[in-house]
Amino acid sequence: MFGSIAQRYDLLNGILSLGRHRSWRRRAAAAAAPSPGATILDVACGTGDLVRELAGHMGPTGLVTGIDFCAPMIALAVTKPTNSSSAPMRYIVGDALTLPFASDAFECTSIAFGLRNVANPEQAIREMARVTASGGRVLCLEFAVPRRRLTRTVVRLYESTVVPAIGGVLSRRDAYQYLRTSIGAFASPHEVRGMFEMAGLTAINTTEMNLGSVCLHVGLKP
């Protein structure tokens, strides 16, 4: 499904989020607080938007690696122009549940809007924690169902009507119907924090954005 929508993926991200997805990723990259020369891993990287944002926060040294199970997404990521003032970037096709990296290999690991799409979110977080070095951060940027009733009603109505309608015109309607279904069926922010705790992460902090429909979770590996 993701392979079939890859060509219009970035366009629809911009339209359906009203351009706000860029600010969410900027906040995630800032929370990563990468040091010059750091090595960072972005899991389920898609077309590389967060990879590029992280690289821009690091200066010209270090390395940001993006990994995704969907080869057509990776194929698009590698074609995007690079910036000489950003850290080098590389992309790998691989599985979030069995990351092909040594333990403690990265200063920071992240996943943006991908955790709800993996077969075993708890295992994905455990793998991210495993490859993160002691003192490093694990970040998850993900959609959520807002807690407040009025906000929840408005957001869920938008997701059930506007999102699939526009998705159907520009891409695949069923893929954007899946978006709403997957958000509703996914773990609550409290449950995601529980996954972080089960993976051994500490100092877990959750920041709500976009009226509570987007959450940024950050944990520290002891």
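Please treat every number below as a calculation from the coordinates, not as lab data. If you're wondering where the values come from, they're calculated on a predicted model, not measured in any experiment. Counting neighbours? That spans all protein chains shown, and the Cβs are built from the backbone with ideal geometry, glycine included.
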Interchain or long-range residues, amide H under 5 Å from residue 63's placed H: 38, 39, 40
The FRET efficiency for residue 119 and residue 177, from their Cβ-Cβ distance with R0 = 25 Å and rounded to 0.05, is 0.80
How would you order 52-63, 158-169 from highest to lowest mean count of nearby Cβ atoms within 10 Å? 52-63, 158-169
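Among 206, 82, which comes first, second and so on when ranked by fewest other beta-carbon atoms within 10 Å? Before the final figure, lay out each step's value.
Details: 206 16, 82 12.
The order, fewest Cβ neighbours first, is 82, 206.
If you take all C-alpha pairs in the chain, what percent of them are over 24 Å apart?
Values: 9662 of 24531 pairs.
Here the long-distance tail beyond 24 Å is 39 percent of all Cα pairs in the chain.
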Given a 10 angstrom Cα cut-off, can you work out which residue in 130, 173, 25 is the most mobile in a GNM of the chain? 173
What list of ³J(HN,Hα) values in whole Hz, one per residue of the range 59-65 in order, does the Karplus curve 6.51 cos²θ - 1.76 cosθ + 1.60 (θ = phi - 60°) give from phi, with Gly and Pro shown as x? x, x, 10, x, 7, 10, 10
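Where both partners of a DSSP beta bridge lie in the chain, what percent of those bridges are antiparallel, to the nearest 5?
On the way: 13 of 33 bridges.
Here the antiparallel bridges make up roughly 40 percent for the chain.
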Give the span of the range 99-215's Cα atoms along each principal axis, as three whole-Å numbers ordered largest to smallest. 44, 30, 19
The range 51-117 to the range 168-187: how many Å between their Cα centroids? 24 Å
In the chain, taking the dipole from +1 charges on Lys and Arg beta carbons and -1 charges on Asp and Glu beta carbons about the Cα centre, the listed residue (76, 167, 220) farthest towards the positive end is 167
Cβ charges +1 (Lys, Arg) and -1 (Asp, Glu), total dipole of the chain, debye: 700 debye
Residues in the range 52-70 that a label on residue 82 would reach, taking backbone N under 12 Å of a point 7 Å out along Cα→Cβ: 60-65
